[in-house]
Amino acid sequence: RRAGNPSSSPSFHRPMTSHSIRRLACLMTVVLGLPTALHAQAATLAPMSARQVINPPGIAPLVPAYSVAVRDGDLVYVSGMTGIKPGTQDIIEGGIVAQTRQTMENIKASVIAAGATMADLNECTVFVMDMADYAAVNGVYIEYFRVNPPVRAALAVSALPRPAARVEIKCSGRVHAR
């Protein structure tokens, strides 16, 4: 870049964003040990993220250490879901097929509550107690992703947090404009 060229002007000549105001205020507070007017302004600004916790009705976390789902801007993250009957903490009866179907319904309810669809999911990770159940899980899973399924990993695990669960699936994606 050449001197005098406006596109080569240093970044400190650009307008300050709320993020840069917060960073400067924190730096001044730490270095100088004094509260500043910028610090006061930074405290009144809106949060830097539009992060929303999503806990759909009937699908509560097993423990308060996590959220069922989180939407951050246009990104959606769904915690590992199992085949719990909505409104309870009980795993549905009927074996791996029934559990996988309920797991996928719980994921779908969480995704919809976050303002997305199953087609918005980009990644899923499947945890199964027995890899012999892999084909049965796939048979149900594909019903929810008939076209352009998300990328996926599948792992056999020795235990899941809910002892009666045979499958757990977590997903993430990006909400697309409709």
Evaluation of residue 149 against (1) surrounded by 12 or more Cβ atoms within 10 Å (Cβ to Cβ); (2) in contact (Cβ under 8 Å) with a residue 24 or more places away in the chain; (3) not aromatic (Phe, Trp, Tyr) (one fails), failing number: (2)
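Every residue, every condition in (1) within 16 Å of residue 54 (Cα to Cα); (2) assigned to a loop (DSSP other than H, G, I, E, B), yes or no:
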residue	(1), (2)
89	no, yes
99	no, no
103	no, no
116	yes, yes
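Kindly indicate whether any position in region 72-83 is free of Cβ contacts under 8 Å to residues at least 60 places away in the same chain and within 24 Å of residue 173 (Cα to Cα). Quick ask: steps written out before the conclusion?
First pass over region 72-83, keeping only residues free of Cβ contacts under 8 Å to residues at least 60 places away in the same chain: 72-73.
Next, only the ones that are within 24 Å of residue 173 (Cα to Cα) stay: 72-73.
There is at least one residue in region 72-83 that is free of Cβ contacts under 8 Å to residues at least 60 places away in the same chain and within 24 Å of residue 173 (Cα to Cα).
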So residue 109, is it out of contact with any Gly (no Cβ under 6 Å at 6 or more places or on another chain), within 25 Å of residue 51 (Cα to Cα) and open to solvent by less than 70 Å² (accessible area, probe 1.4 Å): yes
Test result for residue 125, assigned to a strand (DSSP E or B), out of contact with any Phe, Trp or Tyr (no Cβ under 6 Å at 6 or more places or on another chain) and hydroxyl-bearing (Ser, Thr, Tyr): yes
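Taking the stated definitions as given, is residue 134 part of a helix (DSSP H, G or I) and within 20 Å of the chain's Cα centre (by Cα)? Break it down into steps so the answer makes sense when it comes.
Working: part of a helix (DSSP H, G or I): yes; within 20 Å of the chain's Cα centre (by Cα): no.
Against the criterion (part of a helix (DSSP H, G or I) and within 20 Å of the chain's Cα centre (by Cα)), residue 134 does not qualify.
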Residue check for residue 166: within 26 Å of residue 73 (Cβ to Cβ) and open to solvent by 70 Å² or more (accessible area, probe 1.4 Å): no
Of all residues in region 118-139 being farther than 21 Å from residue 53 by Cβ and of a type in the set (D, E, K, R), the one that is surrounded by the fewest Cβ atoms within 10 Å (Cβ to Cβ): 130
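Among what's in region 161-178 and is within 20 Å of residue 129 (Cβ to Cβ) and at pLDDT 95 or above, pick the residue that is farthest from the chain's Cα centre (by Cα). It would help to see each step written out before you state the result.
So the first thing to find is which residues in region 161-178 are within 20 Å of residue 129 (Cβ to Cβ), and the list is 161-171.
With the extra rule that they be at pLDDT 95 or above, the set shrinks to 164-171.
Values: 164: 25, 165: 22, 166: 22, 167: 19, 168: 15, 169: 13, 170: 9, 171: 7 Å.
The qualifying residue farthest from the chain's Cα centre (by Cα) is 164.
Mind listing whichever residues of region 72-89 are among the hydroxyl-bearing types (Ser, Thr, Tyr), over 10 Å from the mean Cα position of the chain (by Cα) and crowded, with 17+ Cβ neighbours inside 10 Å? Write out each step before concluding.
Here is the first cut: in region 72-89, the residues among the hydroxyl-bearing types (Ser, Thr, Tyr) are 77, 79, 82, 88.
Those still in the list that are over 10 Å from the mean Cα position of the chain (by Cα) too: 82, 88.
82, the sole residue that qualifies.
The values are calculated or read from the model by the stated rules, or taken from the named source; none is laboratory data. None of these values were measured; they are calculated from a predicted model. Virtual Cβ from ideal backbone geometry, glycine too; neighbours counted across all protein chains shown. Just the protein is used for accessible areas: all its heavy atoms, side chains included, with ligands, DNA and RNA removed. Shrake-Rupley method; radii C 1.70, N 1.55, O 1.52, S 1.80 Å.
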